[in-house]
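Just so you know, all these numbers are worked out from the coordinates, no wet-lab data involved. Predicted model only: the values in this text are computed from it and were never measured.
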């Protein structure tokens, strides 16, 4: 049987992603659990892009 999701522990909870695409499915904290939606994905993509740009700027020094 192929595993469809991967749960990863993070500080303060867990994050569940689809195994094939890496898309966020669920976020679990100590207080609650919530399903990730398209807005969550957009926010995470924007954050990842900003971090990548910052790393690129550091590498170009």
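Which of these, 35, 50, 23, has the largest mean-square fluctuation under a Gaussian network model of the chain (Cα springs below 10 Å)? Largest GNM mean-square fluctuation: 50.
If contacts are Cα pairs under 8 angstrom and at least 6 residues apart, what is the relative contact order of the chain in percent? Please report the intermediate quantities before stating the final value.
On the way: 59 pairs, mean separation 10.9, N = 61.
Taking the mean separation of contacting Cα pairs over the length of the chain, I get 18 percent.
Working note: Debye formula, equal point scatterers on the alpha-carbon atoms of the chain, no solvent; log10 I(q)/I(0) at q = 0.15, 0.23, 0.30 Å⁻¹ is -0.58, -0.97, -1.19.
Mind pulling the angle between the C-alpha long axis of helix 38-59 and the longest principal axis of the chain? Nearest 10 degrees, somewhere in 0 to 90. The angle comes out at about 30 degrees.
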